[in-house]
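One structure below.
The values are calculated or read from the model by the stated rules, or taken from the named source; none is laboratory data. Note that the coordinates shown come from a computational prediction; the quantities given were computed from them, not determined experimentally. Please note: Cβ atoms are built from the backbone with ideal geometry, for glycine as well, and neighbour counts cover all protein chains shown. Please note that ligands, DNA and RNA were not included when accessible areas were found on the heavy atoms of the full protein model with its side chains. Shrake-Rupley method; radii C 1.70, N 1.55, O 1.52, S 1.80 Å.
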Amino acid sequence: MKTKNVNKGSRGFAVTSEKYEPIRKAIITAVPRNKEGVSFKELVASVTRRVPKELFPKPGSVSWYTKVVQLDLEASGQIERVPGVRPQRVRRTS
């Protein structure tokens, strides 16, 4: 099983592609290109509906993986935080 090291600092996380890919696809589907974006709470709810429940049986694990993959997608420039908005919202860049 292939792993991806996300959040490349000294404290990066190794995430298996088995879990990374479904979360990544769900985030890309859920995050709009419009200027308003989507809140993290809305994003987690949307991702939760889209990923297989058997991959994420523990409560809170979808939220944790969503945040980790969100940060990786931000680092690669695929999504961005909407500037000056609280609570935090994200949108797609391409």
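Brief remarks follow.
- Put simply, of VAL51, VAL90, VAL69 the only residue that is farther than 22 Å from ALA14 by Cα and among the aliphatic types (A, V, I, L, M) is VAL90.
- Neighbours by Cβ (under 8 Å, 6+ apart or cross-chain): first from region 18-38, within 19 Å of TYR65 (Cα to Cα); second small (Gly, Ala, Ser) and crowded, with 19+ Cβ neighbours inside 10 Å: VAL31/GLY37; VAL38/ALA30
- Complete set of residues in region 43-94 that are open to solvent by less than 30 Å² (accessible area, probe 1.4 Å) and part of a loop (DSSP other than H, G, I, E, B): VAL51, PHE56, VAL82
- Subset of region 73-89 [farther than 19 Å from GLU21 by Cβ, modelled with pLDDT of 95 or more and among the hydrophobic types (A, V, I, L, M, F, W, C)]: VAL82
- For region 4-38, the tally of residues that are in a strand (DSSP E or B), at pLDDT below 90 and within 24 Å of ARG86 (Cβ to Cβ) stands at 0.
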